[in-house]
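**Student:** Let me give you the structure first, and then I'll get to my questions.
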Amino acid sequence: MRSSVRFIRRGRIVELSAAEARMTLLDWLRLRDAAVGTKEGCAEGDCGACTVILARMKQGRVVHEPVNACILLAGQADGAEVLTVEDLSPTGAVHHPVQDAMLRLHGSQCGFCTPGIVMSLAAMHQDAPRPVSRQAVCDQLAGNLCRCTGYRPIVEAALEACAAPQPEVPAARGVALTALRDEAAIFAGNDAAFFAAPRREAELFDLLARYPDALVVAGATDAGLWLTKALIAAPRVIWLARVEGLDRIERTRTALSIGATATVADAARELGSLAPDLAEVIRRFGSTQVRASATVGGNIANASPIGDLAPCLIALGATLELAAGNATRTLPLEDFFVAYKKQDRRPGEIVRRISVPLPDVAMQFRAFKITKRMDEDISAVLGAFAFQVDGRRIASARVAFGGMAGIPARARTTEQRLLGLDLDAPPTWPPLLDCLAAEFKPLSDHRASAEYRSLVARNLLHKALLEIAGAPLSSTRIVTHVEAAHAGE
Ligand SMILES: Cc1cc2nc3c(=O)[nH]c(=O)nc-3n(C[C@H](O)[C@H](O)[C@H](O)COP(=O)(O)OP(=O)(O)OC[C@H]3O[C@@H](n4cnc5c(N)ncnc54)[C@H](O)[C@@H]3O)c2cc1C
Ligand code: FES
Ligand code: FES
């Protein structure tokens with residue numbers, strides 16, 4: 001058992017007390033480490049001004065991930081090297097290639113966003129396989145707001161810097177990170193106030209039983225905001241990410257199984273391989289920084305009615321494994337969501353893994369995320385559809401929505417009415433589409449009105465059916481074309 005959090009900072013191992021481990025990483029950097037190059041803009045993961053890089057060993061190699069330091073607890077940096085803008089050019093004499101390109105191509109005006117932008121791009125410069133496309137740069141910058149320069153020179157700077165070959169990772173970094181690894185559970189603090197990171201599930205269940213009021217965090221991309229915006233007091237924190245095996249991603253002949261603490265970034269490739277639309281939803285899930293921290297299990301456990309993964313995974317027929325002590329149970333994912341903020345989760349129980357049956361080749365899957373902004377925005381409505389087609393008729397249908405109710409939910413009446421639908425007879429579809437609109441009573445809020453949500457849901461089902469019936473994508477994927485045109489591709 002370790003009694004402190006440890007990470008590497010400026011070539012030395014830093015040990016954090018329980019109180020420091022529960023600070024945000026941004027506060028720790030600025031207040032304790034005097035690394036004030038890292039800025040605070042929104043304090044909620046949206047603007048990217050606070051972006052720093054966490055370098056970690058993953059599957060035998062060093063990866064450099066940009067994260068939002070404003071919503072990450074300092075304790076979550078355990079086992080990593082924390083890199084800030086100060087580290088890119090320690091003496092100031094020689095700039096990092098990204099800084100150099102930003103300077104020459106006028107990528108900065110007021111400069112408030114610049115350290116965050118430079119850190120996002122430095123991570124890409126280090127880890128992205130070459131060549132780096134304009135679209136990849138735009139995706140990398142989705143979580144970095146710049147209000148005055150405009151993105152053209154920033155994107156140009158990124159492309160120029162990344163035109164050079166991918167640099168070697170400094171050998172000393174891999175050695176230091178490997179030396180830092182251990183198998184110990186962490187318990188920093190005392191009964192009243194602590195930061196704990198169990199290593200085994202049994203230790204986790206023990207902690208949950210002893211401290212039922214503790215704040216449990218995985219990536220803290222939801223929970224971090226409760227600290228910085230709702231200002232909740234959380235003297236006891238249990239971090240899930242060190243529990244061995246809880247992040248495992250496995251593919252069998254029939255299913256993809258994703259451990260709850262796998263990050264959205266780490267699960268992206270396997271999940272995205274199930275269906276192109278799921279890959280696109282994940283590309284637009286938060287930002288690079290958010291996906292690097294956010295976990296698949298956190299997205300499900302938080303049970304937001306507008307979370308992106310739940311409707312997609314429900315349509316794909318996923319099941320959820322919950323565990324407490326020695327007891328394990330499995331349920332269809334949709335049954336986990338009971339009512340707004342009410343899940344079928346017993347005291348002390350955790351989300352352990354999500355299993356998604358591999359779609360057979362005949363399955364037609366569509367998912368559409370509707371947001372006000374294309375990038376870094378939470379869904380107003382997300383519709384996900386999985387159909388089996390027999391001849392030219394729908395043989396089975398699973399239809400799920402986010403944003404249409406207090407929970408992610410299936411449209412069961414519509415699913416029944418879809419059976420036997422003739423794909424060659426679009427004029428006969430309107431009664432079915434009206435049935436969908438009648439099936440939900442969505443809320444009006446700042447994202448969308450109830451009327452808008454109902455109309456959009458109806459139109460998304462219509463769009464999915466048209467595509468499956470054979471309509472050309474050039475008539476249905478208009479936003480994708482506009483986005484590609486902006487990206488210059
Ligand atoms: C800027 C920004 C953009 C975002 N964009 C999107 C988006 O586009 N789409 C989207 O769906 N979400 C989005 N989110 C929300 C968030 O990133 C996701 O919900 C994320 O998956 C949460 O995972 P986490 O690991 O960070 O959860 P945490 O914040 O660590 O935890 C959330 C809750 O789940 C509980 N929990 C976590 N893991 C488990 C587990 N294994 N068992 C039991 N309980 C658990 C925690 O106790 C807590 O109550 C965004 C968030 C931010 C800040
Ligand atoms: S300060 Fe805006 S993302 Fe962190
Ligand atoms: S340079 Fe001012 S916000 Fe980007």
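**Student:** Along its principal axes, what span do the Cα atoms of the stretch 366-481 show, with the longest given first and each in whole Å?
**Tutor:** Extents along the principal axes: 42, 32, 21 Å.
**Student:** Follow-up. List every DSSP H helix in the chain whose Cα atoms extend 24 Å or more along the helix's own long axis and whose mean Kyte-Doolittle hydropathy is at least -1.0.
**Tutor:** 450-469
**Student:** May I ask which residue of Ala362, Leu316, Ile350 lies farthest towards the positive end of the charge dipole of the stretch 313-367, with charges of +1 (Lys, Arg) and -1 (Asp, Glu) on Cβ and the Cα centre as origin?
**Tutor:** Of Ala362, Leu316, Ile350, it is Ile350.
**Student:** Rounded to a whole number of µm²/s, how large is the Stokes-Einstein D of the stretch 133-215 at 10 °C and 1.306 mPa s, given Rh as the Kirkwood radius over C-alpha pairs?
**Tutor:** Roughly 89 µm²/s, to the nearest whole number.
**Student:** Amide H neighbours of Val381 under 5 Å, counting only residues 5+ apart in sequence or on other chains, H built in-plane at 1.01 Å?
**Tutor:** It is Ile370, by chain and number.
**Student:** So what is the relative contact order of the chain, in percent, for Cα pairs below 8 Å that sit 6 or more residues apart?
**Tutor:** With pairs under 8 Å counted, the relative contact order is 11 percent.
**Student:** Per the helix-only calculation at 222 nm, which mean residue ellipticity applies to the chain, given -39500 (n - 2.57) for every DSSP H run of n ≥ 4 and division by its residues, nearest 500 deg cm²/dmol? Before the final figure, lay out the partial values.
**Tutor:** Values: 19 runs with 160 residues, N = 489.
Theoretical 222 nm ellipticity from helices: -9000 deg cm²/dmol.
**Student:** Something else about it: Calculate log10 I(q)/I(0) of the stretch 1-244 for q = 0.08, 0.09, 0.10 Å⁻¹, where I(q) comes from the Debye formula with a single equal point scatterer on each Cα and nothing for solvent.
**Tutor:** The Debye formula, applied to the Cα set alone, gives -0.31, -0.40, -0.49.
**Student:** Follow-up question, since we're still on this one. Please list log₁₀ I(q)/I(0) at q = 0.24, 0.30 Å⁻¹ for the stretch 148-194, using the Debye equation with identical point scatterers on the alpha-carbon positions.
**Tutor:** These q points yield log10 I(q)/I(0) values of -0.93, -1.01.
**Student:** So who's got an amide H within less than 5 Å of the one on Val5, skipping anything under 5 residues away but keeping other chains? H placed 1.01 Å off N, in plane.
**Tutor:** Leu16
**Student:** Taking the dipole about the Cα centre of the chain, with the C-beta of Lys and Arg at +1 and of Asp and Glu at -1, give me whichever of Ala55, Thr414, Ser89 is farthest to the positive side.
**Tutor:** The residue sitting farthest along the positive end of the dipole is Thr414.
**Student:** Are there trypsin sites (Lys or Arg not before Pro) in the stretch 103-170 that DSSP puts in a loop and that have at most 12 other Cβ atoms within 10 Å, and which ones?
**Tutor:** For trypsin sites (Lys or Arg not before Pro) across the stretch 103-170 that sit outside H, G, I, E and B with at most 12 neighbouring Cβ atoms in 10 Å, the list reads Arg147.
**Student:** To the nearest 20 debye, what charge dipole does the chain have about its Cα centre, counting +1 at the Cβ of each Lys and Arg and -1 at the Cβ of each Asp and Glu?
**Tutor:** Here the chain has a charge dipole of around 240 debye.
**Student:** Another question, then. From the residues Gly224, Cys435, Ala161, which one has its Cα farthest along the dipole of the chain in the positive direction, the dipole being from +1 and -1 charges on Cβ of Lys/Arg and Asp/Glu about the Cα centre?
**Tutor:** Cys435
**Student:** Please compute the Cα-Cα pair-distance distribution of the chain with 20 Å bins starting at 0, giving whole percents from short to long.
**Tutor:** Whole-percent P(r) values from 0 Å outward: 23, 54, 22, 1.
**Student:** Checking the table Lys441/Lys463; Lys369/Lys441; Lys39/Lys369; Lys229/Lys441; Lys229/Lys372; Lys58/Lys229 against a 24 Å threshold on Cα-Cα, which pairs fail?
**Tutor:** Cα-Cα > 24 Å for Lys39/Lys369; Lys229/Lys441; Lys58/Lys229; rest within.
**Student:** Under a cut-off of 19 Å between alpha-carbon atoms, report the aspartates and glutamates in cross-link reach of Lys342, not counting same-chain residues fewer than 8 places apart.
**Tutor:** Candidates past the 8-residue exclusion: Asp213, Asp222, Asp308, Glu321, Glu334.
**Student:** Show me the GluC sites (Glu not before Pro) within the stretch 230-321 that DSSP assigns to loop and that have at most 15 other Cβ atoms within 10 Å of their Cβ.
**Tutor:** Those that pass, being in a loop and sparsely packed, are Glu244.
**Student:** In µm²/s, what is D for the stretch 1-114 at 25 °C and 0.890 mPa s, where D = kT/(6 pi eta Rh) by Stokes-Einstein and Rh is the Kirkwood radius from Cα pairs?
**Tutor:** Using the Kirkwood radius from Cα pairs, D works out to 164 µm²/s.
**Student:** Next up: Only loop residues by DSSP count here, and only those with at most 15 other Cβ atoms within 10 Å; note down the trypsin sites (Lys or Arg not before Pro) in the stretch 164-260 that meet that.
**Tutor:** Arg181, Arg200, Lys229, Arg248, Arg253
**Student:** In debye, nearest 20: dipole of the stretch 1-147 around its Cα centre with unit charges on the Cβ of K, R (+) and D, E (-)?
**Tutor:** Taking the Cα centre of the stretch 1-147 as origin, the dipole is about 260 debye.
Any read-out appearing in this document is the output of simple, stated calculations on the displayed coordinates, not a laboratory observation. What you see is a predicted model; the values in this text were computed from it and never measured. Methodologically, a virtual Cβ is constructed for each residue, glycine included, from the backbone with ideal geometry; neighbour enumeration extends over all protein chains shown.
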